[in-house]
Amino acid sequence: MRTHDPADRSVTSRRRWLLSAAGLLAVAVALLPAQAAFANGSRVDRDATLRGEGRELGIQIGSAVAATPLAGNATYAQILGQQFSSITPENEMKWASIEKTQGVLDFSAADAEVAFAEQHHMLVRGHNLVWHSQLPAWLTSGTFTNAQLTDLLRQHIMTEAGHFRGDIFQWDVVNEPFNDDGTLRSTIWLNAIGPSYIADALRWAHRADPRAKLFLNDFNIEGIGPKSDAMFALVKSLKAQGVPIGGVGFETHLGLQFGFPNQFQANMQRFADLGLDVSVTELDARMILPVTPALLQQQADTYRQVMNACVAVTRCVDLTVWEYTDKLSWIPGFFKNQGAADIYDENFAPKPAFFSTLDALSNPVSKRHHRSRGDGD
Ligand code: G3I
């Protein structure tokens, strides 16, 4: 008969404890990622990802996404899902994409992107509901009264924001409303409805999807100047009137030849101080070709500066690159002899700008109050 010796039991439990501690240690060592040193001497984990490091700071790291490579290029899809926690459909939610023929709606391409995001626990920025560009031909070449155009816009917003209700964390409700001098851009919507089209659009979008944060989005508003001053005055007045505006998107299409925007961080901060989220929505940094090591380094410094500014502004809750690979960048098609604007090259190899962005997240310039954004991770 076995005696029940308390001493035995303590030896056994000590042995068990040691075994499990050793086991835990082994697991911890296996999980401990090796460290890699980067140019500025700081270190980040070799296995670190943009989305993982962003999560530590409460910053969603996004990329624009294109439907065709998402369906057909496994490498593109794999890196997207691994490195990013948010996507923005690059073209598939634009009016011309979803309603080529009046009254015939096709959300299939955008739906596939939303499904990808859900499968990979990513958020989706909706882009966009109101713009002067990429409108269907039946709309731009039709003859409609102002009242009909108002109805068409309301119906479009209610239908699209309603279709994606619950799937979108931020909607670019009105895209690029300003000229560079700060006057409102003359568009089909300004001409038909007047300046109130912006407040109307925000109210309609809010009715269709009350939980989405509603944004105005524009380019060349990163620095302080007439255009960002105009955006600032507009959103301040919208807030004062109780219009449902939740944030401002700074597209941040930079060109290395132009230098860094003037007072980028201070500019974002003044919008944040109005009680708005601020987002870097379409970041890229193009260069005049050919690519040189010096330009790649300048580009890496530029991405780092943008990320540092976002980290320093607590209401900067997401930063999206406008495609992550040079293979799919819009730049060469729009700017002659310019390109290489993204953080991965055409063969999906990470560039110095990838590492500087990751490093800026891993070794943040300042502490942030962590704000949980409901990331599925
Ligand atoms: O879909 C047609 C295809 O049927 C046709 O065969 C082909 C021939 O050119 O064109 C295809 O459309 C292209 C579309 O992208 C979809 O790929 C257009 O030509 C092309 O002009 C369009 O470019 C997009 C551009 O917006 C339109 O202004 C870019 O991909 C997209 O990156 C860019 O994104 C904008 C943001 O929405 C707003 N901020 C600026 C940013 C850069 O311009």
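Set the bar at 31 Å for Cα to Cα. Now go through 94/367; 227/336; 239/367; 100/239 and name every pair that lies beyond it. List each step's numbers first, then the result.
Numbers: 94/367 37 Å; 227/336 25 Å; 239/367 28 Å; 100/239 35 Å.
In this structure, 94/367; 100/239 exceed 31 Å between Cα atoms.
In debye to the nearest 20, how big a dipole does the chain give about its Cα centre with +1 on each Lys and Arg Cβ and -1 on each Asp and Glu Cβ?
Values: 33 positive and 40 negative charges, 256 e Å.
Charge dipole of the chain: 1220 debye, to the nearest 20.
Candidates 271, 93, 220 compared by Cα position along the dipole of the chain: farthest toward the positive end lies 271, with charges placed on Cβ. Between rounded, prolate and oblate, where does the chain land on the alpha carbon gyration tensor, with a ≥ b ≥ c its root eigenvalues, rounded for a/c under 1.5, else prolate if a/b exceeds b/c? Prolate, because a/c is 1.5 or more and a/b exceeds b/c. Looking at region 178-254, the trypsin sites (Lys or Arg not before Pro) that sit in a DSSP loop and have at most 10 other Cβ atoms within 10 Å of their own Cβ are 211. 3J(HN,Hα) along region 177-187, derived from phi through the Karplus expression 6.51 cos²θ - 1.76 cosθ + 1.60 where θ = phi - 60°, amounts to x, 10, 7, 5, 7, x, 7, 6, 5, 6, 10 Hz, with x in place of Gly and Pro.
Helical runs (DSSP H, four residues minimum) scored at -39500 (n - 2.57) apiece and divided by the length of the chain put the mean residue ellipticity at 222 nm at -13000 deg cm²/dmol.
Hey, with R₀ at 35 Å, roughly what FRET efficiency would residue 257 and residue 181 work out to, going by the Cβ-Cβ distance, to 0.05? Before the final figure, lay out each step's value.
Numbers: r = 22 Å, r/R0 = 0.63.
The calculated FRET efficiency here is 0.95.
I'd like to compare 189-195, 87-93: which one has the highest average count of other Cβ atoms within 10 Å, and what's the full order after that? Can you show the working numbers first?
Working: 189-195: 16.0, 87-93: 23.0.
For the peptides 189-195, 87-93, the packing ranking is 87-93, 189-195.
May I ask you to order 266-272, 343-349, 215-221 by the average number of other C-beta atoms within 10 Å around their residues, highest value first?
Sorting 266-272, 343-349, 215-221 by mean packing, highest first, produces 215-221, 266-272, 343-349.
Using the Kyte-Doolittle scale, which helices in the chain average at least 0.5 and also have C-alpha atoms spread 20 Å or more along the helix axis, with helices defined as whole DSSP H runs?
Result, helices passing both filters: 6-31.
The packing ranking, built from the mean of other Cβ atoms within 10 Å per residue, places the peptides 298-309, 72-83, 140-151, 47-58 in the order 298-309, 47-58, 72-83, 140-151, highest first.
Extension gain for the segment residue 119 to residue 233, taken as residue separation times 0.36 nm less the Cα-Cα distance, is 37.1 nm to one decimal.
Length gained on full extension, residue 138 to residue 75, computed as 0.36 nm times the residue gap minus the Cα-Cα distance: 19.0 nm.
Since every read-out is calculated from the coordinates, none of them should be taken as a lab result. On a predicted model such as this, the values are computed, not experimentally measured, just so you know. As a convention, Cβ positions derive from the backbone with ideal geometry for all residues, glycine included, and neighbour counts pool all protein chains shown.
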